[in-house]
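Here's the structure we're looking at; comments come further down.
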Amino acid sequence: MHDFEGYRALAQPVHRVSEAQAERFLAKVYGMEGVTVRRIVTERDDTFAVAGATGGTRWVLKIENPAEEYAAVEMRARALRLVENSSDAIPAMRIVPALDGRLVTIFGGEDGDDSDGEGGSAPVCAASVTTYVDGIVLARLPMPYEPRLVDDIGIRLAQVQEALAPLSGDDIGFTDARGRILWDVDLVTDLVDDLSDLLNTPRQRNLVECAAAGYADIRTILGALPAQYCHGDFHPGNIIVHGPRSTSIRGVIDFGDMHAMSDVADLGTCLTYLIDFSNGNHAFDVCRRALAAYIRQRRGFDPALVELLPAIFKARIALAILLPIMVERFSGARPGHYLTSASRRFRQLEMLERWTDDEIVRMLQSDAAWA
């Protein structure tokens, strides 16, 4: 078993913060009196929707897993400030400072409520508050999306990358070690070594192992590219829109999987979720449009890197298959938040086998102004 920090975070004993504790913490540290909180189901932390005295969710309180480094949470808070202050007016969640001006606070210890209400002590964890972005999660809407919305996805991804480019972990004493982020696609080859024997059939093992092998073929190329902090999970599940006919993004949320990576790896993650597997030979139409908008916006991006995208697509899908297995088998946690249907992911890998990587690249480039 590889010793990834992501594994250790999952194995951390669960100690749920109560809603009453969260309310007391918000009043003491953020001056939010008279609010009510509601737990939001998340992967490995305590997250609460916070409603104001007049009703309606206004903020989100996130109390991190005890295994999460304070410096990593501070880095993400700084990232949100960079996005907020970008000249591109990027729609995204905003970080809310505490009474003393801090962007990241401590739940437990001096800041918070040590008591868990049952005679025990609450864990000491980093905590932060962000604004709540109201609307519809794009992943709940069927594809194809409105063309202008697809353009906006590509444009906003490029803008977020450009806004985050100045961020350096060296400035705050944080080193982005491999394995801290579970959704880092660069881990897929190691996860296959640990977990592929737990897949149910030889066919499933072959699909995932081939995806990991394809990624291994480009890993050296990706590793030689400049790396910067990226959102890391920019997909329809983390994009908020106004409604079914939206033509623009209302907000980008969940910067919790930020990590250092090449911009093409971040791009590949985004485009993986824009493949319309129900659309036959037109499966990449949405991807192609988002990609063209991204390249027009992203200064200095080398279009030749598009050749790496097919391997990244398959690796990301394989990672989505492997993580629930890791969650269930090694931490005992319920894997439902990570994946609702493994069979759907296996079908996606099977469908990608219909085309060679060169054919996928040609479909991504077809009719694109930059091709």
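The values are calculated or read from the model by the stated rules, or taken from the named source; none is laboratory data. Small disclaimer: the values here were computed from a predicted structure and weren't measured. Heads up, the Cβs are rebuilt from the backbone with ideal geometry, glycines too, and the neighbour counts pull from every protein chain shown. We work out accessible area using only protein heavy atoms, side chains counted, and drop any ligands, DNA or RNA first. Shrake-Rupley method; radii C 1.70, N 1.55, O 1.52, S 1.80 Å.
For this structure, a couple of remarks:
- Net length available on complete extension from H282 to A224 is 17.6 nm, with 0.36 nm assigned per residue and the Cα-Cα distance removed.
- FRET E, pair R102, A49, Förster distance 22 Å, beta-carbon r, rounded to 0.05: 0.50
- Charge context of A77, other residues only, Cβ under 12 angstrom, K/R +1, D/E -1: +3
- Modelled FRET efficiency - R0 30 Å, W355 with S248, Cβ distances, 0.05 increments: 0.45
- Inverting the pair-averaged 1/r between distinct Cα atoms of the range 146-264 gives 16.6 Å as its Kirkwood hydrodynamic radius.
- The label-point distance for D171 and E33, in a model that sets each label 7 Å from Cα toward Cβ, rounds to 3.6 nm.
- Once the chain from A89 to D190 is taken as fully extended at 0.36 nm per residue, the excess over their C-alpha distance is 32.5 nm.
- Qualifying trypsin sites (Lys or Arg not before Pro) in the range 270-318, DSSP loop, other Cβ atoms within 10 Å at most 16: R299
- Accessible surface, per residue, of the range 221-317 when the full set of protein chains is kept, probe 1.4 Å, Å²: 33
- Förster radius 35 Å - calculated FRET efficiency between E19 and C210 (Cβ-Cβ, nearest 0.05): 0.15
- If you wrap the range 20-83 in the convex hull of its Cα atoms and look at it from every side, the mean projected area works out to 5.1 nm².
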